[in-house]
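Notes to accompany the following structure.
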Amino acid sequence: MLHRRTVIAGCALTVTALAMAATPAMAAPAPAGFSASSAVKPPPAMLEAMQRDLGISAAQAEARIANESRASATEAVVQASLGDAFAGTWVTGPTSAVQIVATTDSTKAGAILAAGAQPRIVGRSLAALTAAKDALDKVSPPASVSAWYVDVPSNSVVVQSSQPAEAEAFVRASGADPAAVRVVQSSEQPQTLYDVRGGDAYYIANQARCSVGFSVRRGSTNGFVSAGHCATVGSSLTGYNQVSMGSFQGYSFPGNDYSWAAVNGNWTPRPWVRGSGGNVTVSGSTVAVVGASICRSGSTTGWHCGTVQQRNTSVRYSQGTVSEVTRTNVCAEPGDSGGSFISGSQAQGVTSGGSGNCSVGGTTYFQPVNEILSVYGLTLVTG
């Protein structure tokens, strides 16, 4: 079901296509009293990830968390004590057991040792490095420059670039102290990263909201499948976070109710459908038999389940008849249009329309996914 923004009214819920008015997502505020250094005892999942990614033991991971918590507290103390002579601090070693504090004043070494850290005498204070970095922030960088940052261990500001000459011109234009800045050759090309996941919201031409069905690929092009009636609103798409997403490449409605959209480099297709307690991994698209259990994920009502009632159904909407859809007793509401229907780990189809709602129950129809894949030459992204 597609839900429209402002002057384009949402469809009535008798037998209707499902979509919803676009509203920007709000970030949740941090919990009161939250402190990163307060969580000294890490959860098991974090310990496992640290062992895997840092190549350390469980005991080393626990020690590292404790040492880093202590280092954060020490940093606040020594920064206040050193004042303008403070030049930053960092930890080193497999358990972060050694903390180094940089200072421009050699007479402060004793105070640093007393705080349990190792002194490092350097030429520039943190304030001087920050000033150089702030100057760079005021100038528009060339495309070849990928990042710049204060690097306290080297007591410098680093500018990463694939074209050093262009980076040096960028530094000169900023007025930053050239002696404080070093250019590092880099091929990095940073981009924002978002996941394409079944059941998540997307917005069409800033007018309506629908839901992602399943991640797909066609050759080297990434994208997703959804409902065709969503594509009738417009082509330009933004994601659930209001970030540019891509555009529809093809759709059919009425007669059928399917579409596919290509996504840009901001988005990575994942073999996931948003479930009630986490992601459900898609492993194929084997068709479920009549009577089989089936679940639906959508951006309005989330995760709901029921059973397959009939396949090869024709349903009449006010816009026209859609044929060869599957009828279920799973509820849905405006905004759920295009969202994923899945049975076990097998993708079944994308939400088309229905009647009723998730308060009183209802009937919802989905367009089988295998037809969409076949028509457009798409490959389902599976785990």
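The values are calculated or read from the model by the stated rules, or taken from the named source; none is laboratory data. For clarity, every value in this text was computed on a predicted model and none was experimentally measured. A quick note on method: Cβ atoms are made from the backbone with ideal geometry, for glycine too, and the neighbour counts reach across all protein chains shown. Ligands, DNA and RNA are stripped out before the accessible areas are found, and what is left, the full protein with its side chains, is counted by its heavy atoms. Shrake-Rupley method; radii C 1.70, N 1.55, O 1.52, S 1.80 Å.
Scanning the range 266-301 for residues that are touching a Lys or Arg at 6+ places or on another chain (Cβ under 7 Å) and more than 17 Å from residue 383 (Cβ to Cβ) gives 290, 299. When you scan the range 186-199, do you find a residue that is at negative phi, open to solvent by 30 Å² or more (accessible area, probe 1.4 Å), modelled with pLDDT of 95 or more and in contact with a Ser or Thr (Cβ under 7 Å, 6 or more places away or on another chain), even just one? No, the range 186-199 has no match at all. Checking the stated criteria, residue 218 turns out to be touching a Gly at 6+ places or on another chain (Cβ under 9 Å), open to solvent by 70 Å² or more (accessible area, probe 1.4 Å) and farther than 30 Å from residue 333 by Cβ. Considering the range 282-383, the qualifying strands (runs of 3 or more DSSP E), each wholly inside and each with 2 or more residues that are modelled with pLDDT of 95 or more and among the small types (Gly, Ala, Ser), run over 293-298, 346-357. Residue check: residue 263 meets all listed conditions (1) more than 25 Å from residue 379 (Cα to Cα); (2) open to solvent by less than 30 Å² (accessible area, probe 1.4 Å); (3) touching a residue at least 60 places away in the same chain (Cβ under 8 Å) but one, namely (1). Go through the residues of the range 92-109 one by one and say whether even a single one is touching an Asp or Glu at 6+ places or on another chain (Cβ under 7 Å) and closer than 23 Å to residue 149 by Cα. Yes - at least one qualifying residue is present in the range 92-109. I'm checking my understanding of the structure. Among residues of the range 282-317 that are over 30 Å from the mean Cα position of the chain (by Cα) and open to solvent by less than 40 Å² (accessible area, probe 1.4 Å), which one is farthest from residue 257 (Cα to Cα)? Among them, the one singled out is 292. Taken over the range 129-139, the criterion of being more than 31 Å from the chain's Cα centre (by Cα) and buried (at least 18 other Cβ atoms within 10 Å of the Cβ) is satisfied by 129, 132. Report yes if some residue within the range 238-251 is open to solvent by less than 30 Å² (accessible area, probe 1.4 Å), touching a His at 6+ places or on another chain (Cβ under 9 Å) and at pLDDT 95 or above; otherwise report no. Among the residues of the range 238-251, not one is open to solvent by less than 30 Å² (accessible area, probe 1.4 Å), touching a His at 6+ places or on another chain (Cβ under 9 Å) and at pLDDT 95 or above, which makes the answer no.
For the range 81-110, a tally of residues being of a type in the set (Gly, Ala, Ser), open to solvent by less than 50 Å² (accessible area, probe 1.4 Å) and in contact (Cβ under 8 Å) with a residue 12 or more places away in the chain returns 6. Summed over the range 271-281, residues that are part of a loop (DSSP other than H, G, I, E, B), surrounded by 14 or more Cβ atoms within 10 Å (Cβ to Cβ) and either on the phi > 0 side of the Ramachandran plot or among the hydrophobic types (A, V, I, L, M, F, W, C) (or both) total 0.
Listed by first and then second residue, the pairs with beta-carbon distance under 6 Å, at least 6 apart or on different chains, first residue in the range 299-319 and in contact (Cβ under 8 Å) with a residue 24 or more places away in the chain and more than 14 Å from residue 333 (Cβ to Cβ), second open to solvent by less than 50 Å² (accessible area, probe 1.4 Å) and aromatic (Phe, Trp, Tyr), are 315/365. Checked against (1) touching a Pro at 6+ places or on another chain (Cβ under 8 Å); (2) over 26 Å from residue 207 (Cβ atoms), residue 313 passes all but a single condition, namely (1). Just one of (1) loosely packed, with under 13 Cβ neighbours inside 10 Å; (2) modelled with pLDDT of 95 or more fails for residue 124. It is (1).
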